[in-house]
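Can you read through this structure? Questions will come right after.
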Amino acid sequence: MIELKRILLVEDNANDVELTMEALNEYNLANTVEVAKDGEEALDYLYYRGRFTERPRGNPAVILLDLKLPKVSGLEVLKHIRSDNSLKMIPVVILTSSHEEKDLIEGYNLGVNAYVVKPVDFHDFIKAVKNLSLFWVIINEPPPGSLK
Amino acid sequence: MQVFSPVILFVLLIGLQIAAAVFALSLVRTADRKLIWFLIFLAMVLMALRRIVSFVSMLAHGTTVTFEFTEYMGLMVSLFVLTGLIGIRAHFRTIRMTKEALEESQARFRATFEQAAVGIAHVSTDGRWQRVNQKLCDIVGYTREELMNKTFQDITHPDDLDTDLDNVRKVLAGEISTYSMEKRYFHKDGSLVWVKLTVSLVRDSLEQPKYFISVVEDITASKQAEEELKAYREHLEELVKARTSELEAINRELEGFSYSISHDLRAPLRYINGFVELLTKKSHASLDDKSRHYLQVISDSARQMGRLIDDILSFVRMGKAEMLNTRMSLDKIIAEAMSTLSSETDGRVIAWKVNPLPDINGDPAMIGTVIVNLLSNAIKFTRPRPEAEIEIGVLPPKKDEDVFYVRDNGVGFDMKYSDKLFNLFQRLHGTEEFEGTGLGLANVRRIIHRHGGRTWAEGTLNEGATFYFSLPKHKTERGGHS
């Protein structure tokens, strides 16, 4: 039984959000996605603040995290998540266009679960998102306390 | 006894005495101690007169002329005196000539000494100036008289004194015969004069030191030029250093810039491609051929733009990247390239002829790019052929370089464009016939040039083309040889 696991997509670019949704649609996961358009909204979501005060309790099964975000950057969000006992177990996948070594190093240092560079080619991008969601949402067993 | 007639003898006797008198007279004229020669002249004249009187009287009285013993004595005496006077005159002439030669030699020496364009001095073994020429005085600013009261130590710069004295000691001891050094004298006005000093020692007949000959050349001007040159050079180095760090900063900026450009440009490309695809999928049924064609053009253009961005980035990166220099196996690089290009060779019939190649020195990533570019071109331009033939090899080895080639049986090119082939953005075909960005060969040329090699190509329209590149043979870093 596929339970309604939640995906938190932290992405500032509306086009990338749309493409990602199209990809997730292939596995009928589109309605499990919650979108935060910057780092602050991401933290609001995780802490039931702002417009997320009424959201169902429980952590997302996976966070797809872009790095270049306005207000609070992706790596800062990651740092917050990993330093909070109630959040630190959430699987985080960095999904970014940055190839830079320093981002890789800091990401892994902060304990990211996976680092995926957004493919330039549209088809490869779709494939990557599908593969990610297949693994993290369907195959992987999320930590206890995740939204069901 | 009476072999000759007495008359003749008398005449001879008188003649000799007159001749002697004449010679004595010439000596009076030319020699010193003129009184002596005058007295001898007088003596000879008187003796001649006596004989003349007695001879004339004998003849006048009709007496038989007799040449007695005293006359013979007189003859001998006159002969000896004449001979002596002739000898003395010749001797004096020799002396005079020697004196003239000596005077001329001395005059020459003086001219040389005084008028030389360098300072010359005779210096005693304890350093006193004995004799100096005008140039030396000009150089150090003292008059002759002032210098005579000084030693060279008095006017030598203290920093140069030790070396100078040490050299002097060596010359006196016979360790060296001459020495040359640059040193400073204090000019009379207190300023410093840089000179080139050359010193040699004159010894007497017993090999004892007599005096030094010092040649002093004023090099203040050239020393100044030297200082100025050094200052300019240092200044230049400062400028270069500043410029280099400026350039490095610009380079870093450029790198960040080009990197972010490529990413910022790629995202919209992804959207163009992506949404055109989604649009096509969504409205495929309701689109007519023309519309589908328009969408295709949009898609292809976006893809072309993506390739261009990639090629430009790669080209820019090749220009400034640090170049590695390692030994690598070309065979391995070719194998890797062929695997990279497998997507382009899928479904194609290609007869590969890969000859064994030597190992080379260079940057593996860059050489990899060269091979991929050349093979990719060969694959692309042999597309019209049912069976493509692509050969990679090396020409017979030469002493200082290896020449590699990639030959194909593709569409070839007109040799009259062979110069343009490697130009940036230069293509010989439209994108309709063969896709491409015009960067591949330019990149190849750039990389090979950075490795110290050359690139060129030969081709025949519709028969094929061969692309050559050479790489110089180096010594490797760890032993071995190429």
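The values are calculated or read from the model by the stated rules, or taken from the named source; none is laboratory data. For clarity, every value in this text was computed on a predicted model and none was experimentally measured. Cβ placement follows ideal geometry from the backbone for every residue including glycine, while neighbour counts extend to all protein chains displayed.
Among the residues of region A:1-28 satisfying the criterion of being closer than 19 Å to A:D124 by Cβ and more than 14 Å from chain B (Cβ to nearest Cβ), which is surrounded by the most Cβ atoms within 10 Å (Cβ to Cβ)?
A:L9
Quick one: which residue in A:K148, A:K102, A:K118 is of a type outside the set (G, A, S), at pLDDT below 90 and in contact with a helix residue (DSSP H, G or I) (Cβ under 9 Å, 6 or more places away or on another chain)?
Only one candidate qualifies: A:K118.
Which condition number does A:L87 fail, the rest of (1) part of a loop (DSSP other than H, G, I, E, B); (2) within 14 Å of chain B (Cβ to nearest Cβ); (3) touching a strand residue (DSSP E or B) at 6+ places or on another chain (Cβ under 7 Å) being met?
Exception for A:L87: condition (2).
Then there's this: Looking for whichever is under 21 Å from B:S343 (Cβ atoms), surrounded by 13 or more Cβ atoms within 10 Å (Cβ to Cβ) and not β-branched (V, I, T) here; the options are B:L421, B:L439. Which one fits?
Selected residue: B:L439, the only one of B:L421, B:L439 that is under 21 Å from B:S343 (Cβ atoms), surrounded by 13 or more Cβ atoms within 10 Å (Cβ to Cβ) and not β-branched (V, I, T).
Let me ask you something else. Could you list all residues from region B:88-114 that are of a type outside the set (S, T, Y) and surrounded by 11 or more Cβ atoms within 10 Å (Cβ to Cβ)?
Selection gives B:I88, B:R89, B:H91, B:F92, B:R93, B:I95, B:R96, B:R110, B:F113, B:E114.
Checking B:E322 against (1) surrounded by fewer than 14 Cβ atoms within 10 Å (Cβ to Cβ); (2) within 30 Å of B:L247 (Cα to Cα); (3) in contact (Cβ under 8 Å) with a residue 24 or more places away in the chain, only one condition comes out false. Which one?
(3)
Of the residues that make up region B:142-164, is at least one closer than 30 Å to B:G15 by Cβ and hydroxyl-bearing (S, T, Y)?
For region B:142-164, residues closer than 30 Å to B:G15 by Cβ and hydroxyl-bearing (S, T, Y): absent.
From the list B:G452, B:G438, B:G459, pick out the single residue that is in a loop (DSSP other than H, G, I, E, B) and touching a strand residue (DSSP E or B) at 6+ places or on another chain (Cβ under 6 Å).
B:G452
Another question, then. Among the helices (runs of 4 or more DSSP H) lying completely within region B:65-182, list those that include at least 1 residues that are at pLDDT below 90 and of a type in the set (V, I, T). Outline the logic, then answer.
On the way: elements: B:69-115, B:134-140, B:144-148, B:152-155, B:158-173.
Ranges flagged: B:69-115.
Examine region A:45-56 for a residue that is among the hydrophobic types (A, V, I, L, M, F, W, C), over 27 Å from B:R270 (Cα atoms) and either within 14 Å of another protein chain (Cβ to nearest Cβ) or outside any loop (DSSP other than H, G, I, E, B) (or both), and state whether such a residue exists.
Yes: region A:45-56 contains one or more residues that are among the hydrophobic types (A, V, I, L, M, F, W, C), over 27 Å from B:R270 (Cα atoms) and either within 14 Å of another protein chain (Cβ to nearest Cβ) or outside any loop (DSSP other than H, G, I, E, B) (or both).
Pick out the one residue from B:V216, B:V195 that is touching a Leu at 6+ places or on another chain (Cβ under 6 Å), assigned to a strand (DSSP E or B) and surrounded by 15 or more Cβ atoms within 10 Å (Cβ to Cβ).
Residue meeting the stated conditions: B:V216.
Out of A:V77, A:V35, report the one residue that is part of a helix (DSSP H, G or I), buried (at least 16 other Cβ atoms within 10 Å of the Cβ), under 12 Å from the mean Cα position of the chain (by Cα) and away from chain B (no Cβ under 14 Å).
Result: A:V77 is the single residue among A:V77, A:V35 that is part of a helix (DSSP H, G or I), buried (at least 16 other Cβ atoms within 10 Å of the Cβ), under 12 Å from the mean Cα position of the chain (by Cα) and away from chain B (no Cβ under 14 Å).
Does B:A221 satisfy being without any contact (Cβ under 8 Å) to a residue 12 or more places away in the chain and over 20 Å from B:Q134 (Cα atoms)? Can you show your working first?
Details: without any contact (Cβ under 8 Å) to a residue 12 or more places away in the chain: yes; over 20 Å from B:Q134 (Cα atoms): no.
So B:A221 fails the test.
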